[in-house]
Amino acid sequence: MLILGVETSCDETAASVVEDGRTVLSNVISSSKDDFSASGGVIPEYAARRQIECMLPVLTKALSDAQCDPEELDAIAVTHGPGLLGSLLTGTTTMRVLADLWKKPLIGVHHHQGHLDSIWLDLSENEVTFPVLTLSVSGGHTELWYRESHTKQTQLGTTLDDAAGEAFDKGALLLSLPYPGGPALAKLAEKGDEQAFKFPHPLAESDNIEFSFSGLKTSLKYLLRDLPDASEKHADIAASYQRAICLHLTERVELAVKKFPAIQEIHIVGGVSANQRLRTLLTDTFTLPIRWPKKIVYCTDNGAMIAAAGYFLWQEKKIHRHWKTEASIQLQN
Ligand code: KG4
Ligand code: ZN
């Protein structure tokens, strides 16, 4: 089954053709991220305009890279939210028109469901054993999910304030690094000593599966303000700050694993799952199998994960009737 997946929730215009939810035949991503390095964050109106410019060229390339004629598609999947309104409207409106023209079913996909399903891309069938604990960490959300099948899942917890990616991005801004801050901060941290500075331990006394990053960001702010010669110690500071974020994430995963002993595997998805320190910390902490998306481009926003999510919604729930019905589908059953 061939699905064209389209993702336009923020500053990426992305389209991909995926076969049976796993085999990626094309994956085209045009990003306006670099345009925001000076502003330190996305400007929604500008991102929406870039979406309009990129939409048709990206779609055309995704189809031609996959050597796929629109007639051969079985369905179209598109992110219906959450995200920046103008950016989302570009994708959803374009795909509604094309679905009508091409007479293809249209599947609305929750952006977070797309991230959860990014794990299946390039994976062979039956490789994963359910139930799975998934840590989904991006610039917009930080969530832990208990997954019993591709579409049956329960959210165990989320963040009380900032998302993990936001903690990276805001920390990077304080360290005068360009947007998006996660990769830049991780790169700087490679040269630093992560034991050099102590950061607070968020929610140390709490037994609830939830996250909090705003205290770490505030500590970083005051450390940079109060430390003599702080600018000469940026690499050590970045490494220590990154460690604090990764430790907090890992501790909450540990808590969930203790509470749900049936868990067979741990997955990490979303932009922050590209972080090497997080990957090694999780691998060192658990004996359970740990997986992250097969490629870095599947961690950050992409159309392939939306196609995969569309495929499993279709397969397991037969959700492919009408846009309005599909738009209301939430992550949980
Ligand atoms: O999933 P994504 O592309 O978009 C959202 O849905 O938000 O995630 C983007 C986030 C940004 O906050 C970015 O700084 C972070 O993922 N990120 C990283 C790394 N690569 C991307 N954070 C830490 N280390 C990385 N290597
Ligand atoms: Zn995302």
Review point. So which trypsin sites (Lys or Arg not before Pro) in the range 139-224 are both in a DSSP loop and have at most 15 other Cβ atoms within 10 Å of their Cβ?
Key: Lys152, Lys191, Lys198
Point to revise | Positive-pole candidate from Pro183, Gln195, Val6, dipole of the chain, charges at beta carbon | key: Val6
Revision key, fill the gap. Here the percent of antiparallel bridges among DSSP beta bridges lying wholly in the range 130-246, to the nearest 5, is 90
Check your understanding: What percent antiparallel are the DSSP beta bridges of the chain, to the nearest 5?
Key -> 60
Exercise for review: Answer with one residue from Thr142, Gly114, Leu160: the one whose Cα lies farthest towards the positive end of the charge dipole of the range 89-213, charges on Cβ with Lys, Arg +1 and Asp, Glu -1.
Suggested key: Gly114
**Study point:** Spatially proximal lysines relative to Lys221 (Cα-Cα < 30 Å; intrachain offsets below 8 disregarded)
**Key:** Lys33, Lys170, Lys187, Lys191, Lys198, Lys233
Study note, to complete from the structure: Net charge near Asp11 (other residues with Cβ under 9 Å of its Cβ; Lys, Arg +1; Asp, Glu -1) is -1
Study note, to complete from the structure: Between Ser37 and Ile296, the two model label points (7 Å from Cα along the beta-carbon direction) sit apart by a distance in nm of 1.5
**Study point:** Peptides ranked, highest mean first, by Cβ atoms within 10 Å: ranges 268-279, 101-112
**Key:** 268-279, 101-112
Check your understanding: Just how far, in whole angstrom, is the range 51-97 from the range 100-114 if you go by their alpha carbon centroids?
Key -> 9
Study note, to complete from the structure: Given unit charges at Cβ for Lys, Arg (+) and Asp, Glu (-), the dipole magnitude of the range 185-247 about its Cα centre in debye, nearest 20, is 220
Exercise for review: List the relative contact order of the range 44-152 as a percent without decimals, with contacts defined as Cα pairs under 8 Å and 6+ residues apart.
Suggested key: 21
Exercise for review: Please name which of Ser240, Ala304, Asn208 has its Cα lying farthest along the dipole of the chain towards the positive end, using unit charges on Cβ (Lys, Arg +1; Asp, Glu -1) and the Cα centre as origin.
Suggested key: Asn208
Exercise for review: Please get the size of the charge dipole for the range 1-131, origin at its Cα centre, with Cβ charges of +1 on Lys and Arg and -1 on Asp and Glu, quoted in debye to the nearest 20.
Suggested key: 440
Revision key, fill the gap. The summed charge of the Ser124 Cβ neighbourhood (under 12 Å; Lys/Arg +1, Asp/Glu -1) stands at -2
Review point. Taking the Cβ of Gly83 as the center, what net charge do the other residues with Cβ under 13 Å away carry, scoring Lys and Arg +1 and Asp and Glu -1?
Key: -4
Revision key, fill the gap. So, relative contact order of the chain in percent, Cα under 8 Å, 6 or more apart, is 25
Review point. Roughly how many debye, to the nearest 20, is the charge dipole of the chain about its Cα centre, given +1 on each Lys and Arg Cβ, -1 on each Asp and Glu Cβ, and no other charges?
Key: 300
Point to revise | Euclidean distance of C-alpha centroids, the range 215-269 and the range 135-214, integer Å | key: 7
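Bear in mind these aren't lab numbers, they're just calculated from the coordinates by the rules spelled out. Worth saying up front: this structure is predicted, and the values here are computed from it rather than measured. For neighbour counting, all protein chains shown are included, and Cβ atoms are generated from backbone atoms with ideal geometry for every residue, glycine included.
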